[in-house]
Amino acid sequence: MKVSIVGLGYVGLPIAINAAEKGCAVGGFDIDESKISKLKSGISDSPDVSQNQILSLIAEGKLFFSSDISDHKGSSIYVIAVPTPLEENNIPDLSYLKNACKLLAKVVKHGDLVINESTSYIGTLRNLIKPIIEELSGLLDLGYAVAPERIDPGNEAWNIGNTPRNISGLTDQATNDAVAFYRRFCDSINTLSKPEIAEAAKLFENTFRHINIALVNEFSEIANKFDFSANDAITAAATKPFGFMPFYPSIGVGGHCIPVDPSYLVFSAEQVGVESKFINLANQTNLLMPVKVAKRIQKYLDGNLEGKRIQIAGIAYKTDVPDMRESPAIKLISELENLGAEVFWCDPLVKVFKDSKSQSLNINIDLGLIINPHKEIDLSIWKRAGTKVLDLSSNSEDFGWPKFL
Ligand SMILES: NC(=O)c1ccc[n+]([C@@H]2O[C@H](COP(=O)([O-])OP(=O)(O)OC[C@H]3O[C@@H](n4cnc5c(N)ncnc54)[C@H](O)[C@@H]3O)[C@@H](O)[C@H]2O)c1
């Protein structure tokens, strides 16, 4: 089975590795030439892929990387995993996906299968991907399927192998071919009757999370006024053995999925004349969190942040990843600075962000804020020094300081 993966980011690279480890001949394609040259040396941002894994697969001839699409002509399956962000006005930006389809049209041949893993609005496979490839390639006998990715980078319990995968093709043949591919490295597969259901399920999963996070963030404000932490009440509520699922408050949502995917569902809803009130409300609530949290921190420090030295532990959008996309820490830092604080950060995974750099944990500060307790940050330094610290992380784990949110 010869497979090419189009887009080698947090989603595409682990697919390439898993498929190659299970006997497929895999070509990795990305338009970013610097990424391709790093991958050839085994270097990637993905916490789920090691340099050794990449280098041994290359050495065994099971995996190659190339930014020239014509090198991928020999494949019979093409898996698309490119970014699907939002434009300024929160509408889907499908430029990467369209571009990927245009490139694929140059190399596909009769009977090939195109699988989309990128998250997009309902109907993308049928109404966007298929028409572009068909028109540009002139081939009308290709298979098309969706298999939306659910990877949670850095999650040690759930990975590509043991996370069930929803799959659906535009034809039974396409569904069967896609299932045959994923069965090599996925333990559990759900086949669905049409791709729109798989696309919608992916959007709904992340929207469910987004709305529940907004709900606990609102709850955190209520709890704060009553002088307790929402975390404690949520942990107590979670002792109910049925009908409750705990989500924990945070300074907001980040990454390429939770702040973005719900707007793809809003877009789908608008196409069919439905107003999605919950999603828009959740967006507003989560976006305002850094502003509100900064004010709560100001109140905690006797109402004055002027000249206060604050260090943040972990500025990435989530724990144990170096990913800064949409990280709410960026907004929190600027809000604290607007209120007069001097803010610096420690994040050994991010290292450099724009014009600032990670600094080791400092004990000569007025306040430490734990946002992402990455394994690589040794918080015991603050503990031993008796530094004043607030735990703002959404991890339910106890890091030795009371939860602030
Ligand atoms: N990151 C996650 O945790 C996650 C989880 C599930 C689903 N998704 C979805 O998967 C998709 C990919 O996300 P990601 O996090 O891997 O993004 P990413 O930014 O990490 O990687 C995407 C890669 O695609 C490349 N690319 C862009 N245009 C291309 C083109 N035309 N041809 C080939 N390569 C191209 C980029 O250079 C980049 O390397 C998105 O739709 C995202 O919503 C992401």
Residue list for region 353-405, filter: aliphatic (A, V, I, L, M), touching a helix residue (DSSP H, G or I) at 6+ places or on another chain (Cβ under 6 Å) and part of a loop (DSSP other than H, G, I, E, B): L361, I363, I371, L405
Positions within region 123-152 being in a loop (DSSP other than H, G, I, E, B) and either in contact (Cβ under 8 Å) with a residue 40 or more places away in the chain or on the phi < 0 side of the Ramachandran plot (or both), in sequence order: G123, L139, L140, D141, L142, A147, P148, E149, R150, I151, D152
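Would a scan of region 37-52 turn up a residue that is under 25 Å from L128 (Cβ atoms), modelled with pLDDT of 95 or more and touching a strand residue (DSSP E or B) at 6+ places or on another chain (Cβ under 9 Å)?
Start the filter on region 37-52 by keeping residues that are under 25 Å from L128 (Cβ atoms), which leaves none.
Checked region 37-52: no residue is under 25 Å from L128 (Cβ atoms), modelled with pLDDT of 95 or more and touching a strand residue (DSSP E or B) at 6+ places or on another chain (Cβ under 9 Å).
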Among the candidates L301, L332, residue that is aliphatic (A, V, I, L, M), over 29 Å from D45 (Cα atoms) and over 19 Å from the mean Cα position of the chain (by Cα): L301
Residue under evaluation I132, criteria (1) at pLDDT below 95; (2) farther than 22 Å from L13 by Cβ; (3) among the hydrophobic types (A, V, I, L, M, F, W, C), criterion not met: (1)
Pairs, first more than 15 Å from L39 (Cβ to Cβ) and touching a residue at least 24 places away in the same chain (Cβ under 8 Å) in region 1-28, second within 14 Å of the ligand (Cβ to nearest atom) and among the polar types (S, T, N, Q), C-beta under 8 Å, six or more apart: K2/S75; V3/S75
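Being outside any strand (DSSP E or B) and within 12 Å of the ligand (Cβ to nearest atom) is true for just one of N162, N176, N155. Which residue is that?
The match here is N155.
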Selection within region 111-122 - touching a residue at least 40 places away in the same chain (Cβ under 8 Å) and within 24 Å of the chain's Cα centre (by Cα): I115, E117, S118, T119, S120, Y121, I122
Residue check, I15 under 19 Å from F185 (Cα atoms), aliphatic (A, V, I, L, M), assigned to a strand (DSSP E or B) and within 13 Å of the ligand (Cβ to nearest atom): no
Of the criteria (1) away from the ligand (no atom under 16 Å from the Cβ); (2) crowded, with 21+ Cβ neighbours inside 10 Å, which one V274 fails: (2)
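Scan region 140-165 for residues that are crowded, with 19+ Cβ neighbours inside 10 Å and hydrophobic (A, V, I, L, M, F, W, C) and jot them down. Full working, then the answer.
The initial filter retains those residues of region 140-165 that are crowded, with 19+ Cβ neighbours inside 10 Å, namely 142-151, 153-154, 160, 165.
Selection gives L142, A145, V146, A147, I151, I160.
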Those residues of region 196-214 which are out of contact with any Asp or Glu (no Cβ under 7 Å at 6 or more places or on another chain) and either of a type in the set (F, W, Y) or under 28 Å from V293 (Cα atoms) (or both), in sequence order: F204, E205, F208, R209, H210, I211, N212, I213, A214
Test: residue in region 4-12 that is at pLDDT 95 or above, among the polar types (S, T, N, Q) and buried (at least 21 other Cβ atoms within 10 Å of the Cβ): yes
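State all residues of region 127-152 that are within 15 Å of the ligand (Cβ to nearest atom) and more than 30 Å from L349 (Cβ to Cβ); if no residue qualifies, say none.
Filtering region 127-152 down to residues within 15 Å of the ligand (Cβ to nearest atom) leaves 128-129, 132-133, 136, 146-152.
L128, I129, I132, I133, L136, V146 - these are the residues of region 127-152 that are within 15 Å of the ligand (Cβ to nearest atom) and more than 30 Å from L349 (Cβ to Cβ).
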Any chance G255 is touching a residue at least 24 places away in the same chain (Cβ under 8 Å), within 16 Å of the ligand (Cβ to nearest atom), of a type outside the set (A, V, I, L, M, F, W, C) and over 15 Å from Y121 (Cα atoms): yes
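Can you list the helices (runs of 4 or more DSSP H) lying wholly within region 22-115 that have 2 or more residues being within 15 Å of the ligand (Cβ to nearest atom) and of a type outside the set (K, R)? Spell out the reasoning first.
Numbers: elements: 33-40, 51-59, 95-105.
So the answer is 33-40, 95-105.
The values are calculated or read from the model by the stated rules, or taken from the named source; none is laboratory data. Keep in mind the model is a prediction, meaning the values are calculated, not measured. Glycine also receives a Cβ, built like all others from the backbone with ideal geometry; neighbour counts cover every protein chain displayed.
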